[in-house]
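The values are calculated or read from the model by the stated rules, or taken from the named source; none is laboratory data. Since this is a predicted model, take the numbers as computed values, not measurements. As a convention, Cβ positions derive from the backbone with ideal geometry for all residues, glycine included, and neighbour counts pool all protein chains shown.
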Amino acid sequence: MGQHHARVLSFLKDVEFVGVSDISAERGLDLASKYQVRFFEDYHDLLPLVDAVCVAVPTRLHHAVGLACLKAGVHILIEKPIAASIAEAESLVNAAAEANCILQVGHIERFNPAFKELQNVLKAEKMLAIQAQRMSPYSDRANDVSVVLDLMIHDIDLLLDLVQSPVVKLAASGSSASRSEENGQLDYVTATLDFANGVVATVTASKVTHSKIRRMAVHCKNSLVEADFLNHEILIHRQTTANCSTDYGQVLYRQDGLIEKVYTSNIEPLHAELEHFVSCVRGHTEPSVGGSQALRALKLASAIEQQAMEKSVGESGDGEDNNSRGDRPDGGSENLPKLGSFTDATTAIA
């Protein structure tokens with residue numbers, strides 16, 4: 001992800017792109033040369049020269065790198081998930097507050113044009129249920145992390161933002177592909193979430209699907225709204241009883257449904273995300289996905305992952321755990337797996 005941040009920062013208006021830092025000197029020098037900025041072998045040397053940084057390092061390093069930036073008084077945009085554990089995430093949130101610094105987390109789908117339009121459409125609808133699917137073919141990217149923290153956490157964040165109600169009950173199960181059984185990571189997980197306001201959501205994520213799918217369907221009282229996050233499309237299905245008749249009263253056909261297509265912009269989500277970050281740094285607005293929102297998503301993802309993992313390895317016993325009894329899954333698990341799918345790059349802006 002670091003190289004993509006560098007690409008967007010290089011042409012962002014009203015921003016001075018200062019430099020990059022990377023654990024690989026070869027990769028870092030290549031990026032620095034490409035965008036004509038300085039390369040810093042040690043990211044600590046970069047911090048006194050900038051107002052803000054984009055942190056795109058392996059998630060197991062989010063806490064250490066993020067904490068160093070915040071203690072230096074530097075605003076940060078850190079890739080998702082916010083940290084490798086609940087405790088580390090809470091530490092970053094507290095550090096940002098103490099330093100009076102912006103902490104934005106890279107839940108990039110919040111800036112997808114299709115999601116923006118979905119929010120607008122749903123303002124006039126009463127939601128009943130939501131189905132989310134996020135599936136990808138197996139790859140070597142993020143193969144040391146479960147599908148929950150790699151893919152599903154995107155939809156978890158979107159669901160929490162859309163529903164605006166606490167999760168009171170969850171049920172989750174999953175399985176691992178043969179390539180992941182050695183490290184125990186889940187490659188396919190489905191979860192059902194019951195919210196306090198009555199909305200029910202089913203979310204599925206897969207790393208072993210042959211096609212790439214990024215879809216969300218919202219079942220409302222008077223419509224079905226489908227969002228395609230890959231193609232930036234929104235379809236609204238509505239019921240109708242319209243008939244088409246001749247002058248003699250003969251019915252030619254009956255229209256049982258109407259489909260509305262909502263057009264969206266083609267802006268790159270990462271570009272929109274970084275523009276929002278710059279605006280926050282300039283003091284114009286608070287992050288749409290700050291540390292508190294990211295922590296909430298991580299807690300729910302942790303609870304889903306823990307329950308799915310227990311069922312996968314046959315450790316759930318008779319199924320009587322806190323979540324299956326309906327208790328709120330707010331606590332999560334402190335023992336999240338170590339993540340490491342991002343390039344070891346820290347890009348900076350001033």
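Report whether or not residue 86 is in contact with an Asp or Glu (Cβ under 8 Å, 6 or more places away or on another chain) and hydrophobic (A, V, I, L, M, F, W, C). If you could, list the steps in order and put the result at the bottom.
Working: in contact with an Asp or Glu (Cβ under 8 Å, 6 or more places away or on another chain): yes; hydrophobic (A, V, I, L, M, F, W, C): yes.
Against the criterion (in contact with an Asp or Glu (Cβ under 8 Å, 6 or more places away or on another chain) and hydrophobic (A, V, I, L, M, F, W, C)), residue 86 qualifies.
Tell me which of these residue 107 doesn't satisfy, since it passes every other one: (1) crowded, with 23+ Cβ neighbours inside 10 Å; (2) under 30 Å from residue 261 (Cβ atoms); (3) modelled with pLDDT under 95.
Single failed check for residue 107: (3).
Of the numbered conditions (1) in a strand (DSSP E or B); (2) outside the structural domain of residue 177 (by TED's automatic domain parsing), residue 90 satisfies every one except a single condition; which is it?
With (1) in a strand (DSSP E or B); (2) outside the structural domain of residue 177 (by TED's automatic domain parsing) applied to residue 90, the lone miss is (1).
Residue-wise test of (1) in contact with a helix residue (DSSP H, G or I) (Cβ under 6 Å, 6 or more places away or on another chain); (2) assigned to a helix (DSSP H, G or I); (3) modelled with pLDDT under 95.
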{"residue": "151", "(1), (2), (3)": "no, yes, yes"}
{"residue": "161", "(1), (2), (3)": "no, yes, no"}
{"residue": "171", "(1), (2), (3)": "no, no, no"}
{"residue": "203", "(1), (2), (3)": "yes, no, no"}
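Quick one: is residue 130 under 20 Å from the mean Cα position of the chain (by Cα) and either over 23 Å from residue 263 (Cα atoms) or surrounded by fewer than 22 Cβ atoms within 10 Å (Cβ to Cβ) (or both)?
Working: under 20 Å from the mean Cα position of the chain (by Cα): yes; either over 23 Å from residue 263 (Cα atoms) or surrounded by fewer than 22 Cβ atoms within 10 Å (Cβ to Cβ) (or both): no.
No; evaluated as a whole, the condition is false for this residue.
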